[in-house]
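The values are calculated or read from the model by the stated rules, or taken from the named source; none is laboratory data. No experiment lies behind these values; they were computed from the predicted model shown. FYI the Cβ positions are ideal-geometry reconstructions off the backbone, even for glycines, and counts take in every protein chain you see. Quick note on the areas: whole protein, heavy atoms, side chains included, nothing else; ligands and nucleic acids left out. Shrake-Rupley method; radii C 1.70, N 1.55, O 1.52, S 1.80 Å.
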Amino acid sequence: MVDAWMIDVPGERVLVRELGPADEGPLLTLFEECEDWFVAATGLPSGPGDVQSLFYALPEGADPEDKVLLVLERDGVVAGVVDAVRDHPEPGAVAVGLFLLAPWARGRGLGRALAASLLARAGGGTVVTATVPPGWVPGERFLRRLGFALDAVPAARPDPAGGRPGPRGAAVRRAVLRPAGAEAAGGPGEGARR
């Protein structure tokens with residue numbers, strides 16, 4: 001089980017905690033607020049099954065016990081969600097399936113502080129993989145600022161985010177971060193599953 005912890009963002013009270021049953025309503029609201037991301041990722045706005053599929057979506061070969069779902073609360077309001085899988089695609093790695101902030105929470109340093117906190121807690125694993133919808137400039141810029149290398153060409157999405165394909169849901173840009181001191185085996189994008 002993941003403990004709850006505070007992250008340091010000047011002027012903000014920000015809590016990161018494990019997702020619980022009472023979070024379904026706030027997540028529905030978050031997904032509705034993030035229509036821009038859903039349209040960029042799938043070509044469709046968020047649908048009723050997207051929150052439910054968040055609980056069950058796993059990349060091929062992942063162990064359900066390694067799935068981690070976290071919410072970010074700003075002043076007691078759910079402002080973001082992170083879906084990640086530990087030890088995937090290899091031991092020590094982390095595959096991030098969804099890292100989503102509400103539009104009103106973006107541009108405040110919350111995403112960067114959350115990412116730094118999560119990377120520190122990952123303990124210098126071998127690799128962190130993530131994906132971004134092709135052409136989603138804010139996500140591409142965010143990943144580059146964190147030190148991720150993005151594949152130049154979109155790849156087929158092995159596991160559609162939200163569990164339902166849309167007109168744009170067939171491809172993603174893979175991103176890879178190899179923490180300092182981690183083995184340098186493989187090139188950018190190798191092993192990214194989500």
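No other residue among Leu58, Leu114, Leu101 is surrounded by 14 or more Cβ atoms within 10 Å (Cβ to Cβ), touching a Pro at 6+ places or on another chain (Cβ under 7 Å), in contact (Cβ under 8 Å) with a residue 12 or more places away in the chain and closer than 19 Å to Leu27 by Cβ apart from Leu58. Checked against the criterion of being over 21 Å from Ala102 (Cβ atoms), at pLDDT 60 or above, open to solvent by 70 Å² or more (accessible area, probe 1.4 Å) and aliphatic (A, V, I, L, M), the candidates Val137, Val153, Val172 yield just one match: Val153. Filter segment 5-40 down to the residues that are of a type in the set (Val, Ile, Thr), open to solvent by 20 Å² or more (accessible area, probe 1.4 Å) and closer than 21 Å to Ala113 by Cα and list them by number. Within segment 5-40, none qualify.
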